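Reading through the structure tokens given below for one structure.
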Amino acid sequence: MTDKTEQIRIVLAKLGLDGHDRGIKVVARMLRDAGMEVIYLGLRQTTDSIVAAVEQEDADVVGLSMHNAGHLTLAPAMVEALRQGDIDVPLIVGGIVPDADVEALEQAGVAAILGPGASAEEVVATVRSVVSEA
Amino acid sequence: MTSVRNLPVDALVELALTDDRRAVGRLLTLVERNGPEATECAMMLHAHGTGSHVIGITGAPGAGKSTLVGEMVQQMVDGGSHPAVLAVDPSSPLTGGAILGDRVRMAGVTEAFIRSVATRGHAGGLALAIPGAVRVFDAVGYNPVVIETVGVGQVEVDVTAAADTTVVVVTPGMGDAVQANKAGLLEVADIFVVNKADRPGASDARRDLELMLDLSHMTGQEDASYRPPILMTNSLEGEGHSAVIDAIETHRRHLVDTGQLAKRRRRRIEFEIESRLSTVFEQRMIELKTDQRWVDIVDTTTAGTIAPPAASQQVANLLLH
């Protein structure tokens, strides 16, 4: 099993064509300040580039930031890409996800969803609990 | 669903040697944690060395190292090589956290194995983690292995200097010839790169480095058969990267031809053994601090009965026996 006391390594990325990266930068900083190692991929990633990064970095969890209403397509695609790559790390989606879509994402295998206004404490606690449950 | 994360080291090593990237990634984590698994991994992989060329790339933050490495590594891939990158970024001394952002600059790179490494606070950690990670890449058959570090901190300089070929990246405006002659990183360079060469002051930077090398030559510090080249690059236009790759190859051949490659590698092993020893002694010292004998020695020294050098000698005797 993964040693829960070890430092969490998280891959953070924007998937597809979505240029709104203020939020993900704030989240990166929150997680850094909570003592995590944040592997920051930035904008315009593909499911393949994220899978490659997760493999090479041996990340514990993936965080996707989504602000372009593509989450119902892209988040399940990401879950599927990780599954195809035989990588069992959890996926967290943050950004603009309407309440009505939360259940669909959870059904698709997204481990947690963080909406606008989530506090630093909430973000950090969610990442920690998702990793420890994985 | 299977997960490589739960496999024992020997199974991971077996998978890694088939270039299973998840297994390689997992081994790198174990090596970085420097626990018993790291030792086991080193024991198993040391004999598998393939003699990969190790390239250290260093320079001030923002000099353009990651972008340069990304461009070069992609060219190496296109040329049929199988490179790996260790991209080192600092951990926060306050929280231990880190933002490892080098992959952002290497976004276009496919095929190469890129691993981000945080310096982590603990003393000597990086000095053990880097050789350990290089050993994994070397055994799996990645060649070359590129280590990218910000050239601040003694350990980072040592690690970079322990590479087969050390490339120092500077930018225009780094300072004048006096700066270039100060002791430090510039002394360990096998190749200089003046990056952002489209900016004003690039030719001045080049001239200052040339002058510095002239002085090294005059004082005999320089290896007479090899003078570090100074190359101009501009990552905006993608200019100069293949010249850097050629210069690395020229330097590698020089090392082989003069027998220096074997010497450098011996030095690297020596450096790793030294680092490991320091860690062992440090650990034992930390343990000793909970011992009454340590308290007594500190008390008698504080009382003025014995001097600190004598106290250190007593502690050393305790550590060694």
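Quick notes on this structure:
- Condition met for B:Ala177 (of a type outside the set (D, E, K, R) and modelled with pLDDT of 75 or more): no
- Looking only at the range B:1-38, residues that are assigned to a helix (DSSP H, G or I) and among the polar types (S, T, N, Q) come to 2 in all.
- Residue in the range B:211-218 that is more than 21 Å from the chain's Cα centre (by Cα) and within 19 Å of B:Gly62 (Cβ to Cβ) present: no
- Residues satisfying the stated conditions in the range B:83-94, i.e. within 11 Å of chain A (Cβ to nearest Cβ) and of a type in the set (Val, Ile, Thr): B:Val85
- Some residue of the range B:39-55 being within 12 Å of another protein chain (Cβ to nearest Cβ), surrounded by 17 or more Cβ atoms within 10 Å (Cβ to Cβ), assigned to a loop (DSSP other than H, G, I, E, B) and in contact (Cβ under 8 Å) with a residue 12 or more places away in the chain: no
- The requirement of being assigned to a helix (DSSP H, G or I), over 29 Å from B:His82 (Cβ atoms) and among the charged types (D, E, K, R) is satisfied by B:Asp299.
Yes/no matrix, rows are residues, columns are (1) in the same structural domain as B:Asp190 (by TED's automatic domain parsing); (2) farther than 22 Å from B:Val193 by Cα; (3) among the acidic types (Asp, Glu):
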| site | (1), (2), (3) |
| --- | --- |
| B:Ser3 | no, yes, no |
| B:Asp10 | no, yes, yes |
| B:Val24 | no, yes, no |
| B:Leu27 | no, yes, no |
| B:Cys41 | no, yes, no |
| B:Met44 | no, yes, no |
| B:Gly56 | yes, no, no |
| B:Ala60 | yes, no, no |
| B:Ser66 | yes, no, no |
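- Restricting attention to the range B:70-94, the residues that are in contact (Cβ under 8 Å) with a residue 40 or more places away in the chain, among the hydrophobic types (A, V, I, L, M, F, W, C) and outside any strand (DSSP E or B) total 3.
- Residue count, the range B:95-130 (criterion: more than 8 Å from chain A (Cβ to nearest Cβ), of a type in the set (A, V, I, L, M, F, W, C) and outside any helix (DSSP H, G or I)): 4
- For the residues B:Arg276, B:Arg293, B:Arg264, B:Arg252, the requirement of being surrounded by fewer than 14 Cβ atoms within 10 Å (Cβ to Cβ), assigned to a helix (DSSP H, G or I), in contact (Cβ under 8 Å) with a residue 24 or more places away in the chain and in contact with a Leu (Cβ under 8 Å, 6 or more places away or on another chain) singles out B:Arg293.
- Residue count for the range B:109-134, restricted to those that are at pLDDT 95 or above and of a type in the set (Lys, Arg): 1
The values are calculated or read from the model by the stated rules, or taken from the named source; none is laboratory data. Values in this document were obtained by computation on a predicted structure and should not be read as measured data. No Cβ is skipped: glycine too gets one built from the backbone with ideal geometry, and neighbour counts run over all protein chains shown.
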